Amino acid sequence: MQTASYNIKPDFFQNGIILLMYTGIITHLGTVLEKTPTDLKIKADSQLLQKLSKGESIAVDGICLTIVSKDKNSFSINFMPETAKKTNIQYLNPATKVNLELPATASTLLSGHIVQGHIDMVGLIKSIVKKGNSYLFAVTIPQSFNKYLVEKGSISVNGISLTVISVSSDEFTVGIIPHTWEHTMLHTAKVGDFVNLEIDALAKYIEKLIKNK
């Protein structure tokens, strides 16, 4: 992630340029220090903390949240009951590792895909299988979301931009390369864990356009 000012609000058109919210490329890992029914306090490294300011956005496991305070070792965010209900925040505990990504700007390389930070559903890790130098994850999904996933399409898993390998009626698989395994929270994931899923926004827009037509 390039060093840049994050005072501008992302996720809108400015001077004809789309400012993307996130790209699904995880830049840092954090550790949950404290959790209340409305707040999370997350430990992060000093390099990231220097870039954070109160009132700005950050993706925590793919959830777009607002920073409400920070100190020399950590930052805090608020979350609503609806966010807790629809994401894996309800399952986070102290010492849990979380993926962190700063918002993208017009100068950010789009190395992943357009990620809004709006979680569509929570999936369950069904299996983790080591294949060669990588890991194959199978994640279960509600059947109603199957129509949005295609082989070789994109999906965000805990904020990570990944490519779908296969899709069935109620699950999909993705492959995790060594770099992603080592530099995201996935190396701490276990079968039975819940992960945040955001489908490709383009699929939802296309569906609405077709319905309206």
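Conditions (1) over 15 Å from the mean Cα position of the chain (by Cα); (2) surrounded by 13 or more Cβ atoms within 10 Å (Cβ to Cβ); (3) not assigned by TED's automatic domain parsing to the domain that holds GLY192, marked per residue:
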site	(1), (2), (3)
SER111	no, no, yes
VAL115	no, yes, yes
LYS126	yes, yes, no
LYS131	yes, no, no
LEU136	yes, yes, no
ILE141	yes, yes, no
ASN158	no, yes, no
SER161	no, yes, no
Discussion item. Given the criteria acidic (Asp, Glu), surrounded by fewer than 18 Cβ atoms within 10 Å (Cβ to Cβ), out of contact with any Pro (no Cβ under 8 Å at 6 or more places or on another chain) and under 28 Å from ASN93 (Cβ atoms), does GLU182 qualify?
Written reply: yes
Item to complete: Go through the range 3-40 and count every residue that is modelled with pLDDT of 90 or more, basic (Lys, Arg) and either outside any strand (DSSP E or B) or surrounded by 20 or more Cβ atoms within 10 Å (Cβ to Cβ) (or both).
Response: 0
Discussion item. Looking at the range 181-200, I want the residues that are within 24 Å of CYS64 (Cβ to Cβ) and have a partner that is of a type in the set (Asp, Glu) and modelled with pLDDT of 95 or more with Cβ atoms under 8 Å, at least 6 apart or on another chain. Which pairs are those?
Written reply: MET185/ASP61; VAL195/ASP61; ASN196/ASP61
Response to the item:
For LEU102, the lone unmet condition from (1) crowded, with 18+ Cβ neighbours inside 10 Å; (2) in contact with a Gly (Cβ under 8 Å, 6 or more places away or on another chain) is (2)
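Within the range 102-213, considering only strands (runs of 3 or more DSSP E) that don't extend past its boundaries, which have at least 1 residues that are acidic (Asp, Glu) and closer than 22 Å to GLU56 by Cα? If you could, list the steps in order and put the result at the bottom.
Values: elements: 121-131, 134-140, 154-157, 160-167, 171-176, 194-199.
Hits in the range 102-213: 194-199.
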Worksheet item: Taking interchain pairs and intrachain pairs at least six residues apart, which have beta carbon atoms under 6 angstrom, with the first residue in the range 74-93 and farther than 24 Å from SER53 by Cβ and the second assigned to a strand (DSSP E or B)?
Response: ASN88/VAL122; ASN88/PHE194; ASN88/ASN196; TYR91/PHE194
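The values are calculated or read from the model by the stated rules, or taken from the named source; none is laboratory data. Keep in mind that this is a model prediction, so the values were computed, not measured. Counting neighbours? That spans all protein chains shown, and the Cβs are built from the backbone with ideal geometry, glycine included.
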